[in-house]
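Working notes, structure below.
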Amino acid sequence: MRNKKWIQPAVAVVLLTGLLAGCSGGNGGNDNAGNAASNGSANNGDTANNGGANSGEAGGDELEPITLTFYGSDSSPNWQKMQDAAGRAITAATGVTLDAEFAVGDSTQKIALIAASGEYPDLISPKGELSKLVDAGAMLDLTDLIEEHAPNIKKLFGDQMSRLRYSTDDPSIYVIPTYAEVGGGLLDAGGGFGLQHRVVKELGYPEIRTVEDFENAIRMYLEKHPVDENGNPNIGLTLDSDDWRTYITVTNPAFFTTGAPDDGEYHIDIDTLEVTYHFRRDVEKEYFRWLNHMNAEGLLDKESFVQKTDQYKAKIASGRVLGLIDQGWGYADGENALKTEGKMDYTYGHYPVTLREEFKETSFWPTGFSPGWGVGITTGAEDPVRAIQFLDFLASDEGQILDNWGVEGEQYVIEDGKRVVPQEVQEFAKNDPTGFQKESGIGFYHNMGGHYGDGVKDETDNYYTKNFPEQIVEGYTDAEKETLAAYDATVWKDLFPSEKEFPVRPWGAAWNITVPATSETNILAEKMKEITWKRVPEAILADPADFDRIWDAYMADLEKAGVERMEDGYEALVKERVELWSD
């Protein structure tokens, strides 16, 4: 019996009729990926050619209203319950409304509770906790559903379908990858080390290449401007260590700045596949020593290890934080508040900072097509066919356009056969990103369905995503354009080492390798995390004279807790994936 809390009344037919009338001619999308019906949609009425929920064996039945429950392991604070332009168009096309719940903070325990309950939502996006649900028998094998009801998913993944298999022992497909793009690649930088535009501007746009350059820029600006216009102290650098956010702003930069790619908590030798818990690399110790130095110099926010994410974002929104080490999506809410207030010089540029010049910053180290995390259908789904048809629609051209571009006539128009974002819409998105997302829905559905990557074009010679060179530049603020021009760059990616400078990793991205929940490797990983999240802040906040002693104790703690057994276990999983993908 399904958990009643997941069940909501179906959308009324009258509402659906209104949505159909209101969305005739609509397409949609998101800032990151998508392509939809400008090759059909309202222009020629040929949406059925996109397959998915609009076409297929169920005839008109799939347009009957249905509510599907969904749980997502990412937060979505601006979710509008599909009462946004893209959401209304998706409901009109599929008859589906989502009763969605999203994570607040780390979703690990929530997924464990769902797995243990035996009562599941129709759709679930568990990120790295898929194994808990598989072990509980909560996930449907999607192989036959895809074959029979999902032509768009089959088209999207093509000859990569074999990579969707769970393991060599269990070839089931449990999730549709949503955190990995098909084809294309990242065309711009959204992370790295961030500095406010006003900082580099006042200092004459100095080179920002090493942690020393980054530190000097912050120090020099603080010396000139210790307080803001209201007399509140400016903050050199702040970090967000609130639960899983520790990975993003505190620990992951240790490998980005020392020449290693993002493989989660591990470093993998590309030639031998030998796995090392990345903190045990001697060079990373020196990165954390630099953070310790920043703290001793008074350049690191003293609340970095006690503040919550909301407090972190609020500080950014105040305009007082000069420097960040984060991904853009992690501080977007704070930065968007600055944009809404017109404080464009207080927003951030992205710089490829490394520990020393001998290292290359690795944000663009390629993984190839690297599935793993995604969205699946549970054994609690009352109508798995409608669920897979919904996911198939999101993978269709029409669904991807809604995800990335929005609705034709509202968020974009067609001019000479090309999708174009009108200037007033561009300004709305640029100056009030939160308000724009709430109205358009662009981005809300991105991690619910499969999608093409940046730079991939559809059959109408239009890009699926809005992240193509001309549109990226058009979306920049004047402050960004001014800073980029000063550094002789057009987009932020121009400042970073190209993906062409690195070999493709045969295991993809190791952070999305599923580790069996009850395995020794997973149990040990939790122990290592507890030790690391205690010892790393302790080392950063210590007197510099005590740093080596604390770090040595940290390394000893890891060895005592069985770090080498964990490394061996993960190495076996890496080798299994390489073998699985070699078939």
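The values are calculated or read from the model by the stated rules, or taken from the named source; none is laboratory data. Since this is a predicted model, take the numbers as computed values, not measurements. Neighbour counts are summed over all protein chains in view; Cβ atoms, including those assigned to glycine, are modelled from backbone coordinates with ideal geometry.
Key figures
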quantity	calculated
Residue 118, sole failed condition from (1) modelled with pLDDT of 95 or more; (2) within 19 Å of residue 376 (Cα to Cα); (3) surrounded by fewer than 23 Cβ atoms within 10 Å (Cβ to Cβ)	(1)
Residue in the range 284-303 that is at pLDDT 95 or above, among the acidic types (Asp, Glu) and closer than 30 Å to residue 508 by Cβ present	yes
Hits in the range 249-273 - residues which are more than 17 Å from residue 366 (Cα to Cα), in a loop (DSSP other than H, G, I, E, B) and either modelled with pLDDT under 95 or not acidic (Asp, Glu) (or both)	272
Some residue of the range 109-131 being assigned to a helix (DSSP H, G or I), more than 23 Å from the chain's Cα centre (by Cα) and among the acidic types (Asp, Glu)	no
Check on residue 387, part of a helix (DSSP H, G or I) and out of contact with any Ser or Thr (no Cβ under 6 Å at 6 or more places or on another chain)	yes
Matching entry among 346, 351 (being in contact with a helix residue (DSSP H, G or I) (Cβ under 6 Å, 6 or more places away or on another chain) and either on the phi > 0 side of the Ramachandran plot or not polar (S, T, N, Q) (or both))	346
Filtered residues of the range 476-492 (kept if part of a helix (DSSP H, G or I) and either of a type outside the set (S, T, N, Q) or exposed (fewer than 14 other Cβ atoms within 10 Å of the Cβ) (or both))	478, 479, 480, 481, 482, 484, 485, 486, 492
Output for the range 121-147, where each listed residue is at pLDDT 95 or above, of a type outside the set (Val, Ile, Thr) and surrounded by fewer than 18 Cβ atoms within 10 Å (Cβ to Cβ)	137, 141, 144, 147
Matching residues, the range 315-343, being under 21 Å from residue 294 (Cα atoms), outside any helix (DSSP H, G or I) and among the charged types (D, E, K, R)	320, 326
Residue list for the range 183-214, filter: hydrophobic (A, V, I, L, M, F, W, C) and within 28 Å of the chain's Cα centre (by Cα)	186, 187, 189, 193, 195, 199, 200, 208, 211, 214
Matching entry among 421, 413 (being farther than 25 Å from residue 151 by Cβ and touching a Pro at 6+ places or on another chain (Cβ under 7 Å))	413
Residues (crowded, with 18+ Cβ neighbours inside 10 Å and either charged (D, E, K, R) or in a helix (DSSP H, G or I) (or both)) located in the range 493-508	493, 495, 505
Residues satisfying the stated conditions in the range 359-384, i.e. of a type in the set (Val, Ile, Thr), out of contact with any Asp or Glu (no Cβ under 7 Å at 6 or more places or on another chain) and either free of Cβ contacts under 8 Å to residues at least 24 places away in the same chain or not in a loop (DSSP other than H, G, I, E, B) (or both)	375
Pick from the range 344-358, criterion assigned to a helix (DSSP H, G or I) and in contact with a strand residue (DSSP E or B) (Cβ under 9 Å, 6 or more places away or on another chain), ranking: nearest to residue 285 (Cα to Cα)	346
Test result for residue 406, modelled with pLDDT under 95, assigned to a loop (DSSP other than H, G, I, E, B), at positive phi and not aliphatic (A, V, I, L, M)	no
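Yes/no matrix, rows are residues, columns are (1) at pLDDT below 95; (2) on the phi < 0 side of the Ramachandran plot; (3) part of a helix (DSSP H, G or I); (4) not aliphatic (A, V, I, L, M):
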site	(1), (2), (3), (4)
522	yes, yes, yes, yes
527	no, yes, yes, yes
533	no, yes, yes, yes
537	no, yes, yes, yes
546	no, yes, yes, yes
558	no, yes, yes, no
564	no, yes, yes, yes
567	no, yes, yes, yes
578	yes, yes, yes, no
